[in-house]
Number of protein chains: 2
Amino acid sequence: MPDIGDVARLAGVSNATVSRALSGRGSVSPRTQERVREAARELGYAVSANASGLASGKTANVGVVVPFLSHWFYTAVIEGAQAELTAHGYDVTLYNLMGSGDERRGVFERSLARKRVDAVIAVSLELTDDELGLLRAVGKPVVGVGGPLPGSPSVAIDDVAVARLATSHLIALGHRTIAHLGGDPATERDFHVPSNRRQGYEAALNAAGIPVDPQLFHPTDFTIESGYASAKRMFADPDHVPTAIVAASDEMAIGALLAARDLGVRVPQDLSIVGIDGHGLAEFFGLTTVAQYPERQGKAAAEAVMRMMDGDASEPTLAPVEFDLVVRSSTARPARSER
Amino acid sequence: MPDIGDVARLAGVSNATVSRALSGRGSVSPRTQERVREAARELGYAVSANASGLASGKTANVGVVVPFLSHWFYTAVIEGAQAELTAHGYDVTLYNLMGSGDERRGVFERSLARKRVDAVIAVSLELTDDELGLLRAVGKPVVGVGGPLPGSPSVAIDDVAVARLATSHLIALGHRTIAHLGGDPATERDFHVPSNRRQGYEAALNAAGIPVDPQLFHPTDFTIESGYASAKRMFADPDHVPTAIVAASDEMAIGALLAARDLGVRVPQDLSIVGIDGHGLAEFFGLTTVAQYPERQGKAAAEAVMRMMDGDASEPTLAPVEFDLVVRSSTARPARSER
DNA sequence: ATGAAAGCGCTAACAT
DNA sequence: ATGTTAGCGCTTTCAT
């Protein structure tokens, strides 16, 4: 592996000039610039990240922390952030909190403190005060995605508004008996997303003067399986059969869709279903949903940390994240008019 | 941020001793060891990755390269690899090849050459000779996952055997008209997985003396949508309706399952379906499948690179990767006996 | 078992 | 525009 001295010698200049020519910082005559580039190419030279980082205090690397990886939302956020970061010369190192508490603490204590990264993007993390402290102690820009991050700017949709929109769509269609599949408050983590969505659902109902019926709420995990089970259970109780469902996620909604199908309940004739997310599978299932765009959120977070690293000390005010109601074939007016 | 000197001063020893005490290399008396640890804790000291890396030539970081992120298999592999790596003190930096060719080349030229990583794990990559050259030029341990990687050891299932197993299961049940949903050879990348699986399908047929009917092969993308479309098309041709389908992936199989449902074709009474993968959704859909275990593969790859980094210069012979036939409710004997 | 000291390969003043 | 030089914060011989 050639070092900067080899390049300097071949180009007939000093180390400093090579450094300047290759980094673009400082002034170098076009001619020398070209000669240095050429020499570097010829030698297959690449700067040592460690040496450069040690000398400059910058690593050109940002840490992305996720609670776990195997979920559509997280991978999409990472993909969006990484594309943006890579395009600007940053590498991405991934920290996965999944697993034991020990490892979890280690991520904050060891890895993030090691000056491995210039900034961190924290995705959908519900952190303890302890962890927040460690995160802040790193002294680097931090931005959240997917929910608020105390003390740091963050990119996230307004979950209340999103759920309100989904519910209003149903109300506008004429539905009045609307069930909600939402996260079980008991097992809730991750930014209170579930309870915010539930709030939005109730707000829409209230605004329309429709009483909130607790019997119409069904605690459900954010999975197809759980949505399926909830929907089946719902139809087992003939006194509380809704004409429509708003699910807190598309996966739940798809589960409900499948349950309806198995039960012979026609969607949307007998039952309307709306999800939240804009999951890749929603289109296939003809699911009406409120789409959020996780890749864009990742991209926005990446832009924010880069701005902050560029010395824009002021915590950037992040533009609100858009979401759209995407109407497909799982919602329609109720068959039996509900006055 | 305290540095090693601060710790040394507080503990009343030299920098060298701090380094030894904290890294575990070299000998330090238990007493000093404890004092140093204590001092480090008190100061919130963490070694600088850059300084340590520069001095030692090791980064405690491994690169994981994937073609893209948003797919079950890749995220599972990463999760498995990362858990293992993290447990041994390594960080993981993620390189995503998705996107333009320029960025793709940049990953190899810039990032991997920068001595950012001590080793690389390449997941399901079909690399050009050029890229393979660059990868090897890094001079670090490299192991593949999900398919062969010319010149490097790799962790992968035997796709031919897997498909043979899936197909044999159907044959053993009494099926003789077995369709195959497989990757379109035209658009194939990624290790020839599709054609290997097709080969396995044909091998099983041959072994049973069943002629291979090209009409029974349906080029299909590795998605639910595409599996759905293929299955629908299949039933549009009454002359070539199979009693069973072996799909090259679980997602295809689930699509076919859904298509059958929509068509009123009962599974498994009228049609048996077997997938390949062990996808998370397979259980929900009652899909019989041949499960591979991507997390385990990721873990195995991580173990292999760690062994190689520990100076085990000999390229490790990797243990073959297991797979299992998981029989659920999508396969049964054919209704009309097919002699 | 511990300390002294020489780098690791680069960047960033500071000169010129 | 370019060269000189002093570190960046560690690890690692080499002594002791």
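Identify, by number, the condition in (1) within 11 Å of DNA strand C (Cβ to nearest atom); (2) within 14 Å of another protein chain (Cβ to nearest Cβ); (3) at pLDDT below 95 that B:R41 doesn't meet.
Failing condition for B:R41: (1).
Inspect all residues belonging to the stretch B:98-115 and state whether any of them is open to solvent by less than 10 Å² (accessible area, probe 1.4 Å), touching a strand residue (DSSP E or B) at 6+ places or on another chain (Cβ under 7 Å) and in a strand (DSSP E or B).
no
(1) exposed (fewer than 13 other Cβ atoms within 10 Å of the Cβ); (2) within 14 Å of chain A (Cβ to nearest Cβ); (3) within 12 Å of DNA strand C (Cβ to nearest atom): which one isn't true of B:A51, the others all being true?
(1)
Please find, within the stretch B:50-93, the residue that is modelled with the lowest pLDDT out of those that are of a type in the set (F, W, Y) and away from DNA strand D (no atom under 16 Å from the Cβ).
B:F68
Quick check on A:E126: is it farther than 26 Å from B:S48 by Cα, open to solvent by less than 30 Å² (accessible area, probe 1.4 Å) and in contact with a Gly (Cβ under 8 Å, 6 or more places away or on another chain)?
So A:E126 does not fit the description; no.
For the condition more than 9 Å from DNA strand D (Cβ to nearest atom), of a type in the set (D, E, K, R) and not assigned by TED's automatic domain parsing to the domain that holds B:A113, what is the one hit in B:R31, B:R20, B:R25?
Of B:R31, B:R20, B:R25, the one residue that is more than 9 Å from DNA strand D (Cβ to nearest atom), of a type in the set (D, E, K, R) and not assigned by TED's automatic domain parsing to the domain that holds B:A113 is B:R31.
Being within 16 Å of DNA strand D (Cβ to nearest atom), in contact (Cβ under 8 Å) with a residue 24 or more places away in the chain and closer than 29 Å to A:R41 by Cα is the requirement here; does B:G44 meet it?
Here the answer is no, as B:G44 does not meet what is asked.
Tell me, which residue of the stretch B:86-99 that is at the interface with chain A (Cβ under 9 Å from one of its Cβ atoms) and of a type outside the set (A, V, I, L, M, F, W, C) is farthest from B:G5 (Cα to Cα)?
Once the filter is applied, the top-ranked residue is B:G99.
Pairs, please: C-beta under 6 Å, at least 6 apart or cross-chain, first residue within 17 Å of A:L94 (Cβ to Cβ) and of a type in the set (G, A, S) and in the stretch B:105-119, second open to solvent by 30 Å² or more (accessible area, probe 1.4 Å) and at pLDDT 75 or above?
Every condition considered, the pairs that remain are B:A119/B:K140; B:A119/B:M309.
Out of everything in the stretch B:1-34 that is open to solvent by 50 Å² or more (accessible area, probe 1.4 Å), under 14 Å from B:Y45 (Cβ atoms) and assigned to a loop (DSSP other than H, G, I, E, B), what residue ends up being nearest to the other protein chains (Cβ to nearest Cβ)?
Here the residue is B:M1.
Among the residues of the stretch B:65-85, is any surrounded by 23 or more Cβ atoms within 10 Å (Cβ to Cβ), under 16 Å from the mean Cα position of the chain (by Cα), among the hydroxyl-bearing types (S, T, Y) and more than 8 Å from chain A (Cβ to nearest Cβ)?
Among the residues of the stretch B:65-85, at least one is surrounded by 23 or more Cβ atoms within 10 Å (Cβ to Cβ), under 16 Å from the mean Cα position of the chain (by Cα), among the hydroxyl-bearing types (S, T, Y) and more than 8 Å from chain A (Cβ to nearest Cβ), which makes the answer yes.
For residues in the stretch A:54-79 being without any contact (Cβ under 8 Å) to a residue 40 or more places away in the chain and away from DNA strand C (no atom under 16 Å from the Cβ), which is farthest from B:S52 (Cα to Cα)?
The residue in question is A:H71.
In the stretch A:129-160, which residues are in contact with a strand residue (DSSP E or B) (Cβ under 9 Å, 6 or more places away or on another chain), buried (at least 18 other Cβ atoms within 10 Å of the Cβ) and part of a helix (DSSP H, G or I)?
Hits for the stretch A:129-160 are A:L132, A:L135, A:D159.
Give, as residue ranges, the helices (runs of 4 or more DSSP H) completely inside the stretch A:231-338 that count at least 1 residues that are open to solvent by less than 40 Å² (accessible area, probe 1.4 Å), more than 14 Å from chain B (Cβ to nearest Cβ) and touching a residue at least 40 places away in the same chain (Cβ under 8 Å).
Where helices (runs of 4 or more DSSP H) fall fully within the stretch A:231-338 and carry at least 1 residues being open to solvent by less than 40 Å² (accessible area, probe 1.4 Å), more than 14 Å from chain B (Cβ to nearest Cβ) and touching a residue at least 40 places away in the same chain (Cβ under 8 Å), they are A:250-263, A:294-309.
Mind checking whether some residue in the stretch A:204-220 is in contact with a Gly (Cβ under 7 Å, 6 or more places away or on another chain), within 25 Å of B:R261 (Cα to Cα), not in a loop (DSSP other than H, G, I, E, B) and not basic (K, R)?
no
The values are calculated or read from the model by the stated rules, or taken from the named source; none is laboratory data. Note that the coordinates shown come from a computational prediction; the quantities given were computed from them, not determined experimentally. For neighbour counting, all protein chains shown are included, and Cβ atoms are generated from backbone atoms with ideal geometry for every residue, glycine included. For the accessible areas, the whole protein counts, side chains as well, though only heavy atoms, and no ligand, DNA or RNA atoms are used. Shrake-Rupley method; radii C 1.70, N 1.55, O 1.52, S 1.80 Å.
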